[in-house]
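Take a look at the structure set out below.
The values are calculated or read from the model by the stated rules, or taken from the named source; none is laboratory data. Nothing here was measured: the structure is a model prediction, and the numbers come from that model. Using ideal geometry, Cβ is built from the backbone for each residue, glycine included, and neighbour counts are taken over all protein chains shown. When the accessible area is computed, the model is the full protein with side chains, heavy atoms only, and any ligands, DNA or RNA have been set aside. Shrake-Rupley method; radii C 1.70, N 1.55, O 1.52, S 1.80 Å.
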Amino acid sequence: MPEKKTYYITTPIYYPSGNMHIGHTYTTVAADTMARFKKMQGYDTYFLTGTDEHGQKIERKAEEKGVTPKAYVDEIVANAKDLWKLMEVEYNDFIRTTDERHEKVVQKIFRQFYEQGDIYKGSYEGLYCTPCEAFWTPTQVVEKDGVKCCPDCGRPVEPMQEESYFFRMSKYQDWLLDYLQTHPDFIQPASRANEMINNFLKPGLQDLCVSRTSFKWGVPVDFDPKHVVYVWIDALSNYISALGYDTPDDHLFRKYWPADVHLVGKEIVRFHTIYWPIMLHALGLPLPKQVFAHGWLLFGNDKMSKSKGNVVYAQPIVARYGADALRYYLLREMPFGADGNYTNEAFLTRVNADLANDLGNLVSRTVAMIEKYFDGALPAWTDAVDKDMDLPLQQHCAQLPALVSEQMDKLQFSQALTEIWKVIGECNKYIDATQPWVLGRSEESRPRLANVLLTLAECVRYAAVLISPFMPRTPERIFAQLGIADEALKTWDSLDTFGKLPAGLKVCKGEALFPRLDIKKELEALAAEAEANAPKLPEKKAEPEKKPEKKEKEKSALPEGCVSADDFFKCQLRVAKVISCEHVKKSEKLLKFDLDLGSERRTILSGIAKFYESEQLIGKNLVIIANLPPRKMMGIESNGMILSAVEEKEDGSEYLRVLTVDGDVAPGSEVG
């Protein structure tokens, strides 16, 4: 037998500073779907995912938690593996950068680079972003409210100086520029290639810092142990270390490398399309065939962020609706390569429209009519063909594998599913046009009825086979209702000819594939679940109302009031961005604030009108007490308190300034 074609696909290795959210799920499900599709087509596939576990950020987080870095990441990795199992993700290997097999390969690669002159020792003085683990020059950083910030993530950078090893990226700049220009398919979408060429290569590559001495949580440089290998040589090497590169057992590397596609998020394109190709070229290895940079999965059109409180996790959604429903939504809703948007309402609407109404209804109606008119047994094909009704649908369905394959080869999952759902939609229209319930009234039209129901059953079979990479569980439920036990009828090869369903096959109507959802009730249930799982706010105890003596009241009167020291330590302080601010009608003191807290909007009234004009505060990041009970003033409910500092002047007047947070801090961030 001829040797199978191979197909090697990877996800980025995820940074386990916290549990994986729906954005990580999106990438991993996409890679799993592609691997399943190629396997279905007969390829010898290999699918790699994993975790990038070293670095200063992990070291600091572990220290804050009072555990070792390894113990910290072990817990998150276990959670990630459970999540991938829940999402029906079937990877071939899960690489961890803390694996001994990986660390040994990284040390060999680092030594080779050093010995061939690609790495040299120097010292680095620059601005460092801990979350991104990236150094920046003063000209590269951006300034926000006087604070120097990382150009990638927008968070503050800190000056740092240390001895480091550097990779001579500049040595390979011309080679890489020529490679990208002569291999236009290497970076996809093409817009990402233009960014890399115009923003990084043409201005000139700087040599890359590839070791650190300021922390220890990393792969030691074996010939200079005070250094640890810095993130990108360590992390990027996973794609070949997992295959056994430069080890006695390198059969996987010889079989699968170069990778067919690296799937990455758009924020790490530079590392995979500039640093990684140069490193591979320096090692004398072929480059991956393609790096595909997908967009971000946004939540309500905003990037997911723990500090914003808008991170969505897959587990509660899967527990309520199943993995197939979520997999379908992620791959259908978002054109791969562009930013996508997740909302519970959009997800539930897709489930109802596409899965319950279109697919589920088609399967249910088809099987029910075969049971009703042919006692549940598939009839034989007849000569009673309506060329205007039957043939267009049959021909479209027969073309479907090629249409789907064309889109999948371009990693356009959404378009592939659109092609499948076009046929599903045509089937439902075909039922209305042919009216089987009318054909079933007379014996004369039974041959025609047989062809109609066989056409529908065969289209359902095609759809079930083709959705199997996207929705691994649903096809078997469809095959069971169609009575298909023969595995040969569930394969890609079985779609070479339309009309393979044999006469006499016994159908069996089952439960609805996707019961129709009451969207309003489901939204309420999801909101209640999110609230139940959210961090609990400390409650302010109700106290008997006391009327203070007039003298005390005058002494403690402030524009907005105060809280006691005991109550203050129960307060939750949050950053709130001022969206709008206006004077409250009929009040000389009150300003009404519309505030963004990341995951919600708040209205707060504050008696500071004599100290500020309303427009002065728009766009400012204020500090508020977020967990006070609502309070009505001038008929308007105020939900929280804006913090301020008050100075009493010698003349008895007061000077007030609200507390603000410097820099571009995400709304909703806790203040501690």
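Per-structure values
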| quantity | calculated |
| --- | --- |
| Count - residues of segment 8-33 that are farther than 19 Å from ALA235 by Cβ and open to solvent by 20 Å² or more (accessible area, probe 1.4 Å) | 2 |
| Flag if GLU524 is free of Cβ contacts under 8 Å to residues at least 60 places away in the same chain, open to solvent by 20 Å² or more (accessible area, probe 1.4 Å) and over 20 Å from ALA377 (Cβ atoms) | yes |
| The one condition in (1) of a type outside the set (A, V, I, L, M, F, W, C); (2) modelled with pLDDT of 95 or more; (3) closer than 24 Å to TYR7 by Cβ; (4) open to solvent by less than 60 Å² (accessible area, probe 1.4 Å) that ASP249 fails to fulfil | (4) |
| Test: residue in segment 154-161 that is touching a helix residue (DSSP H, G or I) at 6+ places or on another chain (Cβ under 8 Å) and either loosely packed, with under 15 Cβ neighbours inside 10 Å or under 24 Å from GLU115 (Cβ atoms) (or both) | no |
| Members of segment 591-607 that are open to solvent by 20 Å² or more (accessible area, probe 1.4 Å) and of a type outside the set (Asp, Glu) | LYS592, GLY598, SER599, ARG601, ARG602, THR603 |
| Any hit, segment 462-470, residues being assigned to a loop (DSSP other than H, G, I, E, B), closer than 22 Å to ILE420 by Cβ and open to solvent by 10 Å² or more (accessible area, probe 1.4 Å) | yes |
| Pick from segment 283-307, criterion under 21 Å from TYR8 (Cβ atoms) and among the aliphatic types (A, V, I, L, M), ranking: modelled with the lowest pLDDT | ALA293 |
| Criterion (assigned to a loop (DSSP other than H, G, I, E, B), on the phi > 0 side of the Ramachandran plot and either modelled with pLDDT of 85 or more or surrounded by fewer than 15 Cβ atoms within 10 Å (Cβ to Cβ) (or both)) met by exactly one of LYS586, LYS610 | LYS586 |
| Residue list for segment 589-607, filter: outside any strand (DSSP E or B) and not hydrophobic (A, V, I, L, M, F, W, C) | LYS589, GLY598, SER599, GLU600, GLY607 |
| Test: residue in segment 481-488 that is part of a helix (DSSP H, G or I) and surrounded by 18 or more Cβ atoms within 10 Å (Cβ to Cβ) | yes |
| Hits in segment 332-379 (condition: open to solvent by 30 Å² or more (accessible area, probe 1.4 Å), touching a helix residue (DSSP H, G or I) at 6+ places or on another chain (Cβ under 7 Å) and not in a helix (DSSP H, G or I)) | PRO335 |
| Near pairs, Cβ below 6 angstrom, 6+ apart or cross-chain, from segment 416-436 (touching a residue at least 40 places away in the same chain (Cβ under 8 Å)) to any residue that is among the small types (Gly, Ala, Ser) | ILE420/ALA463; ILE424/ALA463 |
| Residue count for segment 420-436, restricted to those that are more than 39 Å from the chain's Cα centre (by Cα) and surrounded by fewer than 20 Cβ atoms within 10 Å (Cβ to Cβ) | 3 |
| Matching residues, segment 245-268, being free of Cβ contacts under 8 Å to residues at least 24 places away in the same chain and in contact with a helix residue (DSSP H, G or I) (Cβ under 9 Å, 6 or more places away or on another chain) | PHE253 |
| Qualifying positions in segment 179-236 - open to solvent by less than 10 Å² (accessible area, probe 1.4 Å) and basic (Lys, Arg) | ARG212 |
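Okay, residues lined up against (1) within 30 Å of the chain's Cα centre (by Cα); (2) among the small types (Gly, Ala, Ser):
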residue: GLY126; (1), (2): no, yes
residue: PRO131; (1), (2): yes, no
residue: ALA134; (1), (2): yes, yes
residue: PRO151; (1), (2): yes, no
residue: PHE166; (1), (2): no, no
residue: LYS171; (1), (2): no, no
residue: PRO184; (1), (2): yes, no
